[in-house]
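The values are calculated or read from the model by the stated rules, or taken from the named source; none is laboratory data. Since the model is a prediction, treat every value here as computed from it, not as a measurement. Don't worry about glycine lacking a Cβ; one is built from the backbone with ideal geometry, like all the others, and counts go over all protein chains shown. The protein model used for the area step is the full one, side chains on, heavy atoms only, and it has no ligands, DNA or RNA in it. Shrake-Rupley method; radii C 1.70, N 1.55, O 1.52, S 1.80 Å.
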Amino acid sequence: MNYTIKEGDNLGPGNNNWRKSNVIIRDEITLKRENNTSAEVDFDFKGYGKYSFECEVPNLPKNVVFGIFLYADDQHEVDIEFSKWGFWFWPNCQFVIQPNEFKSYINRFWTFKKKFKGYIDWQEDYIEFNLNNRTKRINRKISKEMRFMINLWSIKEDYNQTEVKIKCQI
């Protein structure tokens, strides 16, 4: 499996500081967010297909985001995201296609599980999300080549979580 780990300061999303040391790849992938730094892995998986995963996600602090996504640029992105987006009362998971031109391209919901199995199925004329058998299919073409990525980051620069670990198998 080929991959690139993000490294650098004040990079998006969220003007985070990204560290290679926050990613451990062995039989499974562990992402951690500590000392106000974040983690992102860009895998060498590209093009149409079904991108499957299994992961264990703890109850995240309200400012932390865990994303499993396909990405080309900010105009061509497909996400499964776990986050409360800064609000404790906000649904903690979403399926989204960015840019979010129409409300039908975002589906927010609550999930109280910690173990997840799912996929993003990207085909020429549709995108289908699945998370623990919750499925949403959106008929939309995205012609730009996207790549498969995961990340763990904070929406607020001043957030200093001691440690959050995400274990994921792809």
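Restricting the search to the range 62-71, which residues are in a loop (DSSP other than H, G, I, E, B) and open to solvent by less than 20 Å² (accessible area, probe 1.4 Å)? Scanning the range 62-71 gives a single hit, Asn63. Evaluate the range 93-106: report whether one residue or more is among the aromatic types (Phe, Trp, Tyr), outside any strand (DSSP E or B) and surrounded by 15 or more Cβ atoms within 10 Å (Cβ to Cβ). Yes - at least one qualifying residue is present in the range 93-106. Among the residues of the range 72-91, write down those that are more than 10 Å from the chain's Cα centre (by Cα), buried (at least 16 other Cβ atoms within 10 Å of the Cβ) and assigned to a strand (DSSP E or B). If the condition is that a residue be more than 10 Å from the chain's Cα centre (by Cα), buried (at least 16 other Cβ atoms within 10 Å of the Cβ) and assigned to a strand (DSSP E or B), then His76, Glu77 are the ones that fit. Considering the range 114-168, and only residues there that are part of a loop (DSSP other than H, G, I, E, B) and aromatic (Phe, Trp, Tyr), the residue that is modelled with the lowest pLDDT turns out to be Tyr159.
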